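Handing you this structure, nothing more for now.
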Amino acid sequence: MQTAVLIVAAGRGTRAGVGIPKQWRNLNGQSVLSHTLAAFRNVKGLGPFALVIHPDDEDRLHGLDLTDVILTTGGANRNDSVRAGLEALAKEAPDAVLIHDAARPLVSAAVIGRVVDALAVHEGAAPAVEVTDALWRGDANLVAGTQDRTGLWRAQTPQGFRYHAILSAHRTHRGEAADDVAVARESGIAVAIVAGDEDNLKITREGDFDRAAQLMRMKTMGGLPDVRTGNGFDVHAFGPGDHVWLCGVKIAHSHGLIGHSDADVGMHAVTDAIYGALSRGDIGQHFPPSDPQWKGAASHIFLRHACDLAGSMGFTITHADCTLICEYPKIGPHAAAMRAEMARIMGLDPDRVSAKATTSERLGFTGRSEGIAALASATLVRLT
Ligand code: MG
């Protein structure tokens, strides 16, 4: 049975706080929508995929893997968006379709599998969790009565249906409906309940982001914080000049260092250590030497970029350590200033930044004072 996946991501998500809609917000380094798409892609045998977005969000698609995704824009409300997505799948004419909220990024392969399996025998199937809490009716913060919870379920997605049945149900439906099961039942489609999952939460309010991030971390890292160490190495040769820049400090010297930028070998090594911890390439990829705009650039631009990238991926830089390898200039007198300057650029306490030096006992190119080498490590932590 060909089972399409329709992800509805056109909502504005106003309850999750101000700013960008929740499905486009960052969750552990990727957008919520990107996690949601991945959850379905990781289940074998599903497809084609359709994605419904809001017309205002078209510029947010950058960075999202849309291979084999049929993209369409949504209508004024959720029902219109679902109908638009179903119509977009008409050419593919799948046997069945799973309709899923983009704001449920934690949907498991097991839940998806139960819906797919049920569709082999039912026209519709959807996951739900039995209500176990007592239910109250409230009136101005006072309990006004209790509600019998027998036979009550909390509905989740993906909600699965035979494709032609749900398409025709949506074509005839008018107005707002609670979900696609409501639209289906209006048209006489019977919907089986399959076991949902408490972790298949719908990100609705601000606090849901932290909970979702923590659950995701439990699933991927066994609950451990994501601690990473990256290393960096760089070399620049001496050339004509009367000063060098090392770890952000200008030091008078008999030579300068040759480089496309300011040739701050120490800061380059630290920057590469951060990119390394993030598994995001190196300084040359982010700032190509072939690009004239970086000629003579101050290296704090590079270091700041790496720090901002770490922040955007949810990481905190907890420590950086840089070793400069040279006979001259003498580093000791400048080490405190180097630590202070790099800490300032990185927004860290100077106690979390180390700058030190060694010679290579007059051996090799550093020993012959042909250039300076630097190596660095950086430690990054992501808690949620
Ligand atoms: Mg360099």
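Cα gyration tensor of region 3-220, axes a ≥ b ≥ c as square roots of the eigenvalues: rounded (a/c below 1.5), prolate (a/b > b/c) or oblate?
rounded
Something else about it: Along the Cα→Cβ direction, 7 angstrom out, place labels at residue 61 and residue 87. What is the inter-label distance in nm?
1.8
In addition: Does the chain come out rounded, prolate or oblate by the C-alpha gyration tensor, with a ≥ b ≥ c the root eigenvalues, rounded set by a/c under 1.5 and, if not, prolate when a/b is larger than b/c and oblate if not?
On the way: a/c = 3.31, a/b = 2.51, b/c = 1.32.
It comes out prolate by the Cα gyration axes.
Specify the residue with the greatest mean-square fluctuation among 71, 303, 142, computed from a Gaussian network of the chain linking alpha-carbon atoms under 10 Å apart.
Per the Cα network of the chain with a 10 Å cutoff, 142 tops the list.
Go ahead and set up a Gaussian network model of the chain, Cα springs under 10 Å, then flag whichever of 28, 200, 141 fluctuates most.
Judging by the Gaussian network model, the answer is 141.
For a quick check: sort 12, 339, 228 by the number of other beta carbons within 10 angstrom, fewest at the front. Display every interim value, and only then the final one.
Numbers: 12 13, 339 24, 228 17.
By the 10 Å Cβ count, ascending: 12, 228, 339.
Rounded, prolate or oblate: which fits region 232-342 when a ≥ b ≥ c are the square roots of the eigenvalues of the alpha-carbon gyration tensor, with rounded for a/c under 1.5 and prolate only if a/b beats b/c?
Numbers: a/c = 2.19, a/b = 1.38, b/c = 1.59.
Oblate.
Can you return the lysines within cross-link range of residue 202? Criterion is Cα-Cα under 27 Å, with same-chain partners fewer than 8 residues away left out.
Cα-Cα hits under 27 Å: 22, 44, 219.
Per the helix-only calculation at 222 nm, which mean residue ellipticity applies to the chain, given -39500 (n - 2.57) for every DSSP H run of n ≥ 4 and division by its residues, nearest 500 deg cm²/dmol? Please list the in-between numbers first.
Working: 11 runs with 111 residues, N = 384.
The per-residue figure over the chain is -8500 deg cm²/dmol.
Hey, another quick one. Can you sort 235, 265, 129, 270 so the residue with the fewest Cβ neighbours within 10 Å comes first?
Exposure proxy ranking, most exposed first: 129, 235, 265, 270.
Tell me, 275, 328 in order of fewest to most beta-carbon neighbours within 10 Å?
On the way: 275 23, 328 14.
If I rank by nearby Cβ atoms, fewest first, I get 328, 275.
Name the residue farthest towards the positive end of the dipole of the chain from the options 214, 21, 298, assuming +1 on Cβ of Lys and Arg, -1 on Cβ of Asp and Glu, about the Cα centre.
Positive-end residue among those listed: 214.
Would you work out the charge dipole size for the chain about its Cα centre, treating the Cβ of every Lys and Arg as +1 and the Cβ of every Asp and Glu as -1, and quote it to the nearest 20 debye?
Details: 37 positive and 43 negative charges, 52 e Å.
Rounded to the nearest 20 debye, it is 260 debye.
All of the numbers you see were taken from the coordinates with simple rules; none came from a lab. Computed from a prediction, not measured in an experiment: that's the story for all the values here. With ideal geometry, Cβ positions are generated from the backbone for all residues, glycine too; neighbour counts draw on all protein chains shown.
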